[in-house]
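Engineer: Next up is a structure, given as structure tokens.
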Amino acid sequence: MTAADALSQHSNGRVSQRIGAIAESATLAVDARAKALKAAGRPVIGFGAGEPDFPTPDYIVDAAVDAARQPRFHRYSPAGGLPELKQAVAEKTLRDSGYEVDPAQVLVTNGGKQAVYESFATLLDPGDEVLVPTPYWTTYPEAIRLAGGVPVEVFAGPEQSYLVSIDQLEAARTPRTKILLFVSPSNPTGSVYSPEQVREIGEWAAGHGLWVVTDEIYEHLTYDDVPFTSIATAAPSLGDRVVILNGVAKTYAMTGWRVGWMIGPKDVVKAATNLQSHATSNVANVSQMAALAAVSGPLTAVEEMKKSFDRRRRAMVSGLNEIDGIQCPTPHGAFYAYADVRELLGRELAGARPATSAELAALILDTVEVAVVPGEAFGPSGYLRLSYALGDEDLATGVGRLQEFLGTARH
């Protein structure tokens, strides 16, 4: 549904202004269109969704099967999560981030997206501002607006490796600023802040009394010996004004199981749990037991996946940078490449002259059947996000099609 469609529905009173103003998830929309074309027999290569192509590890699936056979998991369980999973998440957080929390500080959610929304809904009052480093994941600003807040974009381009500076954050701060959103490794850019940058940004936020909501779902996916650094650990001066978002989706190839969590001070987590008790109640118990096996188990599976992601990362970045008019910095985390295509805009391609990255992405899908997500989904136009969490053969085929097609661009 377009923004115009949403406005039309609201104008005739059928949809509320609050919900009518929400745009659909661009990444899911691209993925849905690509899958629909594939189902129709079209040879589409989908670089749209951030979804590992690996199956969920067997020991996790076995735990779910075992849970499904136990009648106690056929019933309601506590809205905030199974106690044993909350305990395991607390232990995993100490193991991976060096950050000690009590299980009462953990809320288990229906995927990471619910944790994102409930965090902002719990912390924001109408008009409160959130600093959003840009390019951003498409859901963040919509969740902030739905919670009554105001997203304030702070853009860092490829010349900064898509990493915002403290000077930029300070320039965007106002008396209404309540939260800094911090994401490293980043979706959509794959950028990773250094330990020093994380500490400095955290201390800056603490010095101004800001909350930090930090999304750490890609914590285990870094490359080139670049470390993951939790801002909660790096900047202890934040005290209890930090909320950590995480989940099993990316690390363990569990996107469809829908288990995430938020970690924060007890009063905030209790309030968010109250919200969830009215919205969805408990996360599916079978999925929670699968997540328990995941976070309690070894990281062997993710290490194997990382080897494949690393290989694909190098192949994709190399292939994209061979195209005249594309500049693609090497990402050090997650599984996305964020390509600067501004030089391609306005050039002639297949009889058209795309003026925006949205028009370019549509032309690419229609002409060579490769699905990419345009920069408009993540901030300014002029960029394309491509996920390399797909098979090597499909990746090579897709990049080859892009090289062949975009190589025909003429001024």
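The values are calculated or read from the model by the stated rules, or taken from the named source; none is laboratory data. Note that the structure is predicted; figures quoted are calculated from it, not measured. A quick note on method: Cβ atoms are made from the backbone with ideal geometry, for glycine too, and the neighbour counts reach across all protein chains shown. What goes into the accessible areas is simple: the full protein's heavy atoms, side chains included, and nothing from ligands, DNA or RNA. Shrake-Rupley method; radii C 1.70, N 1.55, O 1.52, S 1.80 Å.
Engineer: Restricting to the range 275-304, name every residue that is at pLDDT 95 or above, of a type in the set (Gly, Ala, Ser) and outside any loop (DSSP other than H, G, I, E, B).
Structural biologist: Ser277, Ala279, Ser287, Ala290, Ala291, Ala293, Ala294, Ser296
Engineer: May I pose another question? Filter the range 99-116 for residues that are more than 13 Å from Pro265 (Cβ to Cβ) and of a type in the set (A, V, I, L, M, F, W, C) and give the result.
Structural biologist: The answer is Val108, Ala115, Val116.
Engineer: Same structure again: Tell me, which residue of the range 368-404 that is in contact with a strand residue (DSSP E or B) (Cβ under 8 Å, 6 or more places away or on another chain) and small (Gly, Ala, Ser) is surrounded by the most Cβ atoms within 10 Å (Cβ to Cβ)?
Structural biologist: For the range 368-404, the residue satisfying everything is Ser387.
Engineer: Suppose we filter Leu365, Leu344 for residues that are in a helix (DSSP H, G or I) and open to solvent by less than 30 Å² (accessible area, probe 1.4 Å); which single one remains? I'd like the intermediate steps shown before the answer.
Structural biologist: Working: Leu344 fails: in a helix (DSSP H, G or I).
Sole residue among the options that is in a helix (DSSP H, G or I) and open to solvent by less than 30 Å² (accessible area, probe 1.4 Å): Leu365.
Engineer: Where in the range 131-234 are the helices (runs of 4 or more DSSP H), entirely inside, with at least 3 residues that are surrounded by fewer than 21 Cβ atoms within 10 Å (Cβ to Cβ), of a type outside the set (Val, Ile, Thr) and within 18 Å of the chain's Cα centre (by Cα)?
Structural biologist: On the way: elements: 139-146, 166-172, 195-207, 231-234.
Result: 139-146.
Engineer: Also: Of everything in the range 291-314 that's more than 22 Å from the chain's Cα centre (by Cα) and open to solvent by 40 Å² or more (accessible area, probe 1.4 Å), which residue is nearest to Val65 (Cα to Cα)?
Structural biologist: Restricting to residues being more than 22 Å from the chain's Cα centre (by Cα) and open to solvent by 40 Å² or more (accessible area, probe 1.4 Å), the top hit is Ser296.
Engineer: Moving on to the next point. Exactly one of these conditions fails for Gly319: (1) open to solvent by 40 Å² or more (accessible area, probe 1.4 Å); (2) at pLDDT 95 or above. Give me its number.
Structural biologist: (1)
Engineer: In the range 57-85, how many residues are of a type outside the set (Phe, Trp, Tyr), in a helix (DSSP H, G or I) and either open to solvent by 40 Å² or more (accessible area, probe 1.4 Å) or at pLDDT below 95 (or both)?
Structural biologist: So the answer is 11.
Engineer: For the subset of the range 13-46 comprising residues that are in contact with a helix residue (DSSP H, G or I) (Cβ under 6 Å, 6 or more places away or on another chain) and in contact (Cβ under 8 Å) with a residue 40 or more places away in the chain, which member is farthest from Arg385 (Cα to Cα)?
Structural biologist: Initial filter on the range 13-46 (in contact with a helix residue (DSSP H, G or I) (Cβ under 6 Å, 6 or more places away or on another chain)): 15, 17, 20, 22, 26, 44-46.
If we keep only those that are in contact (Cβ under 8 Å) with a residue 40 or more places away in the chain as well, we get 22, 26, 44-46.
Values: Ile22: 21, Ala26: 11, Val44: 16, Ile45: 14, Gly46: 11 Å.
My answer is Ile22.
Engineer: Okay, moving on. Given the criteria assigned to a loop (DSSP other than H, G, I, E, B), within 27 Å of Pro236 (Cα to Cα) and within 18 Å of the chain's Cα centre (by Cα), does Tyr99 qualify?
Structural biologist: Against the criterion (assigned to a loop (DSSP other than H, G, I, E, B), within 27 Å of Pro236 (Cα to Cα) and within 18 Å of the chain's Cα centre (by Cα)), Tyr99 does not qualify.
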